[in-house]
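Working notes, beginning with the structure itself.
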Amino acid sequence: MTNPAAIRVNGQDEPLAVATLADLLAGRGVTEATRGVAVALNGAVVPRRRWPDTALTPGDFLDIVRPIQGG
Amino acid sequence: MTTAFSQDDALTIAGRSFGSRLFLGTAGYPNQRVMLDALAASGTELATVAIRRISLDGYSESLVDVLAQASGGRIRLLPNTAGCLTAREAVLTAQLSREALDTPWIKLEVIGDRDLLYPDVEELLRATEELVNDGFVVLPYCNDDPVTCRKLADLGAAAVMPLGAYIGSGQGIRNPHAIETICARSPVPVVLDAGIGTASDAALAMELGCSAVLLNTAVSKARDPARMAAAMRDAVAAGRAAHQAGRMPVRAFAEPSSPQLGLIGG
């Protein structure tokens, strides 16, 4: 990771410009009321009620997922 | 179909009752309209979905909402762990799916070979144990192997889902004797998963004693998916009825159907 203040979101590095997970998701149009989205921070699921008080720090990696067509 | 029979023949898995014994995948349809038509024609009450990292840019209509709206809540979702190669990946995917879809149900796939999409039994058993202990309703996709199926049931799997043939191959049921043996010995429902190519394959699965059939490509890649979905619905019902009716014994030689008395010229 070249930028020391970067985080990795779904495999892509990006600058860390927000304080909390809820802020990051809000920037992508996702709120606690959005159905069908789940997030793991550093390999552990963060329940949606905890998004607002989950602080992000440089080097974190996030998986943001949702259901798609599957068999 | 004789509804008088089917009504008292509901399938129960982990305390949930299903009127339809056909579970259907949602992948690979030409478009969403065709998928929804096929789901409706199939009569299914359980549809599989995958869980993926996905760009949220332009995130609009969610598949969850589309399916809920189209089916009036009749179709529940069964998330899968397709594409996972290790127990660790599969467990995290299951935990994410539980959070995303608010369901503890999981179709557990742990793949050991990307070309064959064959289960990795060691990882599958490990993931099953971990997820059962974490409160999941685990439906593992597994080999058509009676020992593996027994181990999965012993670990607390809610059903076992042996493959009929490779995923997406449409080869049908390659080892009917193994499937029949698994069905005869399994303490939990057996769902034939993968390999179904056409309606007769689905009927055979049910005749062999399977409790349900899970399929996707046979419908999504049919020339007319909705019509094939209806054919699968009828095949599953017919195969189930035949299994319950008890088939006649197979004989090596002819056995006349007509009476042998009063033959002309006899």
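Computed from backbone phi, the HN-Hα couplings of region B:133-140 come to 5, 8, x, 7, 9, 9, 10, x Hz, rounded to whole numbers (Karplus: 6.51 cos²θ - 1.76 cosθ + 1.60, θ = phi - 60°; Gly and Pro given as x). Between A:THR57 and B:ASP234, the distance separating the two model label sites (each 7 Å from Cα on the Cα→Cβ line) works out to 6.4 nm.
Dividing the alpha-carbon radius of gyration of chain B by the rule-of-thumb value 2.2 N^0.38 Å gives 1.08.
Using θ = phi - 60° in the Karplus curve 6.51 cos²θ - 1.76 cosθ + 1.60, the 3J(HN,Hα) couplings for region A:50-63 round to 9, 4, x, 9, 9, 7, 9, 10, x, x, 4, 10, 10, 10 Hz; x is entered for Gly and Pro.
Extension gain, B:ASP134 to B:ARG53, is 26.9 nm, computed as 0.36 nm per intervening residue step minus the present C-alpha separation. Placing a pseudo-label 7 Å from each Cα along the Cα-to-Cβ vector at A:ASP23 and B:PHE253 gives an inter-label distance of 8.8 nm.
With a Cα-only, solvent-free Debye model of chain A, what are the log10 I(q)/I(0) values at q = 0.12, 0.15 Å⁻¹? Treating every Cα as an identical point scatterer, log10 I(q)/I(0) equals -0.30, -0.47. Just to verify a number: FRET efficiency for B:ARG185 and B:THR103, C-beta to C-beta distance, R0 = 30 Å, to 0.05? Once the sixth-power term is evaluated, E becomes 0.55. Taking all Cα pairs closer than 8 Å and separated by 6 or more residues, the relative contact order of chain B comes to 19 percent.
Between the amide H of B:LEU46 and those of B:LEU24, B:ARG76, distances stay under 5 Å, these residues lying 5 or more places away or on another chain, with hydrogens modeled in the peptide plane. Peptide B:27-33 is shielded by partner chain Cβ atoms: per residue, an average of 1 of them sit within 10 Å of its Cβ. For the set B:MET228, B:MET248, the ranking by accessible area, highest first and with no ligand, DNA or RNA atoms included, is B:MET248, B:MET228 under a 1.4 Å probe.
Helical runs (DSSP H, four residues minimum) scored at -39500 (n - 2.57) apiece and divided by the length of chain A put the mean residue ellipticity at 222 nm at -2000 deg cm²/dmol. B:ASP115 exposes around 140 Å² of accessible area when a 1.4 Å probe is run over every protein chain in place. Rolling a 1.4 Å probe across the protein heavy atoms gives chain B an accessible surface of 48 Å² per residue. Between chain B and chain A, the total buried accessible area stands at approximately 2500 Å², from heavy atoms with a 1.4 Å probe.
Between A:ALA33 and B:ARG227, the distance separating the two model label sites (each 7 Å from Cα on the Cα→Cβ line) works out to 4.5 nm. Extension gain for B:VAL147-B:ALA40 works out to 34.9 nm (0.36 nm per residue, less the C-alpha to C-alpha distance). Rolling a 1.4 Å probe over the protein chains gives B:TYR118 an accessible area of about 70 Å².
Electrostatic bookkeeping for B:PRO176 treats Lys and Arg as +1 and Asp and Glu as -1; over the other residues with beta carbon under 12 Å from its beta carbon, the sum is -3. Taking amide H as placed 1.01 Å from N in the peptide plane, B:CYS142 has its amide H under 5 Å from the amide H of B:MET161, B:LEU163, each at least 5 places away in sequence or on another chain. Which of these, B:THR81, B:THR181, B:THR93, has the largest mean-square fluctuation under a Gaussian network model of chain B (Cα springs below 10 Å)? Result for chain B, Cα springs under 10 Å: B:THR181 fluctuates most. Normalised by 2.2 N^0.38 Å, where N is the number of residues, the C-alpha radius of gyration of the protein assembly as shown stands at 1.14. Averaged over the residues of peptide B:86-98, the number of Cβ atoms from other protein chains lying within 10 Å of each residue's Cβ is 3. Taking the Cβ of B:MET206 as the center, what net charge do the other residues with Cβ under 14 Å away carry, scoring Lys and Arg +1 and Asp and Glu -1? Summing Lys/Arg as +1 and Asp/Glu as -1 gives -2. Here the gap between B:GLN260 and B:ALA14, fully extended at 0.36 nm per residue and compared with their Cα-Cα distance, gives a gain of 83.3 nm.
The values are calculated or read from the model by the stated rules, or taken from the named source; none is laboratory data. Model, not experiment: these values are computed from the prediction. Cβ coordinates were reconstructed from backbone atoms using ideal geometry, including for glycine residues, and neighbour counts include every protein chain displayed. For the accessible areas, the whole protein counts, side chains as well, though only heavy atoms, and no ligand, DNA or RNA atoms are used. Shrake-Rupley method; radii C 1.70, N 1.55, O 1.52, S 1.80 Å.
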